[in-house]
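Notes for the one structure printed next.
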Amino acid sequence: MKKPDRKNSMPDVAGYYGGYGGRFVPETLMRALRELEQGYRRTVRQASFREEIGYYLRHYVGRPTPLYFAASMTADLGGARVYLKREDLAHTGAHKINNTIAQVLLAQKLGKRRIIAETGAGQHGVATATAAALFGLPCEVYMGDLDVKRQALNVDRMRLLGARVISVSSGSMTLKDAMNEAIRDWVTNVATTHYVIGSVAGPHPYPMIVRDFQSVIGREAMRQIRGLEHRLPDVLIACIGGGSNSMGLFTPFLRHDDIALIGVEAGGLGIESGKHGASLTAGDKGVLHGAMTRVLMDTDGQIVIPHSISAGLDYPGVGPELSHLKDTGRLKVYTVKDDDALSATAYLSKTEGIIPALESAHAVAFALRYVPGLRKGSVVIINISGRGDKDMDIIREHMAFENERGHDESH
Ligand SMILES: *Cc1c(COP(=O)(O)O)cnc(C)c1O
C-alpha cells in the first residue's frame, strides 16, 4: 500500500489529493474559485484575521469545547480510556458553526456582501444563517422542496434568523438539486456573493478551506489530551457525512502515523440493501458537487439517493481528501447501521448523560464494538459532532416501537 506523501502539503496546485479533488465546474466559476483561493491564502496569513476568528469562536461559539473523560464508558468497555470531544456544546449544537463563522468573516474580507448556501437537513443552513445574522449580511439558502417539508423546524429557524429559504422543486427536490441551484446563483452573482459550502466537499479550494477552519477541533483535542494524559491518543473515531467533523479532528494528528484514524459511515439498512450513505465503503470514483471523489451511483453513473436515519450522513459523496486517505490506508472506514446508531444514542444518554446527534451516535456505536478489543490504558477520542435534540422525533418513534415490543425498561 502506498504511503501518503506528507512532505508535500495537500492539496497540490490543481487542488488534488492524490487522484481526487480538482474543479469540475462551469468555466465562469473557474475564475471565481481561483480568486477565492488567492483571497483565502492571502487573508489566512494575516494574524488579525486569525485573531478575529479566534475571538468569535471563543466568545460566541463557546470554544474550546471540553474533551470529557467518559469514566462510565471507560469502565463499561473494559479499560481503554475513552474521551468525548464535545462539539455538541458549540453554539447551535454542532461543529458546523466553526466553518460558517470563519467563511462569513472571510467573505467580508473579500468584499462580498451577500451570503448563499445550500442545505439538505437544514443544519448547515441554520449555521450559515446564524453567521450571516451575527455579521449583518443578507443570506439565502437553497433547499429541496421535499427537505423543506421534512425539516420544517430548521426552515423556521433559518427564517427566524433572517435568512430567505428558497425551495427548489426541480429533480428529486433534495440536496443535490439545491446544490445545482446554489451554483447557478453563484455563477450569476459571483461579484457580490460568497457561497458557503458546509463540508470538506465541493470544488477546490473549498475542501481545503473547510478542513482548515474545522481543524480547530483537532488542535484543541491535541492540546487537551496532552494536558490530561501527557501523551497523544492511540485512536480517533468520527462519523463521516461529507467529512468535515472527521477532517477537523484528524488533520492535526495526520502526521503521527501510529495514531489510528477511524471514519464511520452510515450503513443505513445495510450495505447489501443499497439503502445507506457509505460513499467511501461502497461508492465509485465520480464527480459530485464539482469534485472528483467517491460517489454513490447506479450502473448508469446516476447519483443514488442515499439513506440514513441521520439526515447529516445522508450525502451521496464525501470530501476528496478522505477518499485519498482511505485509498492510501491512512484512514480506516467502517459502517454502522441505523438500528445500532439508535441503540448507541440510548447508551450514551443513559451511561454519560449526553444525548448525541444520530450522526455522532454512529461513531459511538462503532466504539461500542471496537473499544473492548483494545489494550487497557489505550487512549481513544470520539468526536461527538452534535447534540441529539434535533433528532428527538425520530428517537421518540423508535422508543415507541421498542415499547410496543415490550422492551420498555423504564420503571
Ligand atoms: C452535518 C453533520 C454531520 C456530517 O457532516 P460532516 O461534514 O461529515 O461532519 C455530522 N454530525 C452532525 C451533528 C452534523 O450536523
Give the residue that is modelled with the lowest pLDDT, with candidates limited to residues of region 306-320 that are within 12 Å of the ligand (Cβ to nearest atom) and in contact with a Ser or Thr (Cβ under 7 Å, 6 or more places away or on another chain).
314
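In the list 36, 84, 57, which residue meets the criterion of being under 21 Å from the mean Cα position of the chain (by Cα), more than 16 Å from the ligand (Cβ to nearest atom) and at pLDDT 95 or above?
Only one candidate passes the filter, namely 57.
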Residue in region 222-245 that is under 18 Å from the mean Cα position of the chain (by Cα), within 16 Å of the ligand (Cβ to nearest atom) and more than 30 Å from residue 14 (Cβ to Cβ) present
yes
Any chance region 338-346 includes a residue that's more than 29 Å from residue 396 (Cα to Cα) and within 13 Å of the ligand (Cβ to nearest atom)?
no
Residue 125 in the same structural domain as residue 189 (by TED's automatic domain parsing), within 16 Å of the ligand (Cβ to nearest atom), modelled with pLDDT under 95 and crowded, with 23+ Cβ neighbours inside 10 Å:
no
In this structure, does residue 229 turn out to be charged (D, E, K, R) and under 27 Å from residue 124 (Cβ atoms)?
no
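Listed here are the residues, each with its yes/no results for (1) over 26 Å from residue 189 (Cβ atoms); (2) among the small types (Gly, Ala, Ser); (3) outside the structural domain of residue 367 (by TED's automatic domain parsing).
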position	(1), (2), (3)
30	no, no, yes
36	no, no, yes
45	yes, no, yes
49	no, no, yes
53	no, no, yes
74	yes, no, no
80	yes, yes, no
83	yes, no, no
Quick check on region 298-305. Is at least one of its residues outside the structural domain of residue 182 (by TED's automatic domain parsing), in a loop (DSSP other than H, G, I, E, B) and within 15 Å of the ligand (Cβ to nearest atom)?
no
How many residues does region 311-339 hold that are more than 14 Å from the chain's Cα centre (by Cα) and touching a residue at least 60 places away in the same chain (Cβ under 8 Å)?
16
Residue hits (region 91-108; crowded, with 24+ Cβ neighbours inside 10 Å and more than 19 Å from residue 50 (Cα to Cα)) are 94
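Would you mind stating whether residue 206 is out of contact with any Gly (no Cβ under 6 Å at 6 or more places or on another chain), more than 30 Å from residue 66 (Cβ to Cβ) and buried (at least 18 other Cβ atoms within 10 Å of the Cβ)?
No: the conditions fail for residue 206.
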Selected residue [crowded, with 20+ Cβ neighbours inside 10 Å, out of contact with any Gly (no Cβ under 6 Å at 6 or more places or on another chain) and closer than 28 Å to residue 229 by Cα] from 55, 68, 83
83
Of (1) crowded, with 21+ Cβ neighbours inside 10 Å; (2) within 14 Å of the ligand (Cβ to nearest atom); (3) not charged (D, E, K, R), residue 153 fails just (1)
Residue pairs meeting the criteria (Cβ under 7 Å; at least 6 apart or on separate chains; first more than 20 Å from residue 244 (Cβ to Cβ), in region 378-392; second acidic (Asp, Glu) and modelled with pLDDT of 95 or more)
378/234; 379/229; 379/234; 380/234
Scan region 346-353 and tell me whether some residue there is under 21 Å from residue 74 (Cβ atoms) and either of a type in the set (Lys, Arg) or modelled with pLDDT under 95 (or both).
yes
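The values are calculated or read from the model by the stated rules, or taken from the named source; none is laboratory data. Please read all numbers here as calculations on a predicted model, not as lab measurements. FYI the Cβ positions are ideal-geometry reconstructions off the backbone, even for glycines, and counts take in every protein chain you see.
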